[in-house]
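Report on one structure; see the data block that follows.
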Amino acid sequence: KNEVEQSPQNLTAQEGEFITINCSYSVGISALHWLQQHPGGGIVSLFMLSSGKKKHGRLIATINIQEKHSSLHITASHPRDSAVYICAVRGGSQGNLIFGKGTKLSVKP
Amino acid sequence: DTGVSQNPRHKITKRGQNVTFRCDPISEHNRLYWYRQTLGQGPEFLTYFQNEAQLEKSRLLSDRFSAERPKGSFSTLEIQRTEQGDSAMYLCASSLATRWDRGYNSPLHFGNGTRLTVT
């Protein structure tokens, strides 16, 4: 069993829909990252959080430390949101991020 | 802020050859990380540096892999005697860790990666 599990693996949505991507982890963590990866490989850090909720534009990330679960929400989705969204957790090691396999999101116009 | 730069973007090599990749982090960042990503998978940690010191290496990093960051700025990742299983995207990231947060709260900035194909 992977230490970081994401669901769903693939997600297709219509433009304007509200989207939720989930991340569950099994290890103790100090921080959780949500990352966005576009075709071609470039990765952008969206959020880093260790408790509560963060919001940036149409993106909202929440984390429940007790339940070892985080969600990434996208409101009013747009085709330009199409990308792979990756959850990663930082455990006891300062260097080692453990990544989920990613959720491939496709938003249709 | 010029971002994290990786070169080359693509590398095709024959099995058995050596390859070297370069990563230039954001200039004031003291932490530099290397990750490997295969198709359909999330990135996997390989190694990281704090300044010029290599502080951690993954078990994934076999003896054929070596990374350096000689002056605490750019880093190189060398793979000797490449195998087909080495084909992957090699990602570099950097961050600024302070003695207060020890790196736990520092966001990562990724480069666009070097895609290696071993034929």
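In this structure the amide hydrogen of A:Gly91, modeled in the peptide plane, comes within under 5 Å of the amide hydrogens of A:Ser30, A:Ile98, none closer than 5 places in sequence on its chain.
Distances between every pair of Cα atoms in chain A, grouped in 10 Å steps from 0 to the bin holding the largest one, split as 16, 50, 29, 5, 0 percent. Working note: Debye formula, equal point scatterers on the alpha-carbon atoms of the protein assembly as shown, no solvent; log10 I(q)/I(0) at q = 0.12, 0.13, 0.14 Å⁻¹ is -0.65, -0.76, -0.88.
Beta bridges assigned by DSSP with both partners in chain A are antiparallel in approximately 90 percent of cases. Between A:Thr20 and A:Ser50, the C-beta separation translates, for a Förster distance of 25 Å, into a calculated FRET efficiency of about 0.75.
Computed over chain B, the P(r) curve from all C-alpha pair distances, binned at 10 Å from the origin, holds 14, 48, 30, 7, 1 percent per bin. Summary of the geometry: segment B:27-72 and segment A:19-67, compared by the centres of their Cα atoms, lie 22 Å apart.
Quick note: the coordinates plus some simple rules give every number you see, no bench work behind them. Please read all numbers here as calculations on a predicted model, not as lab measurements. Quick reminder, even Gly has a Cβ in these numbers, built from the backbone with ideal geometry, and neighbours come from all protein chains shown.
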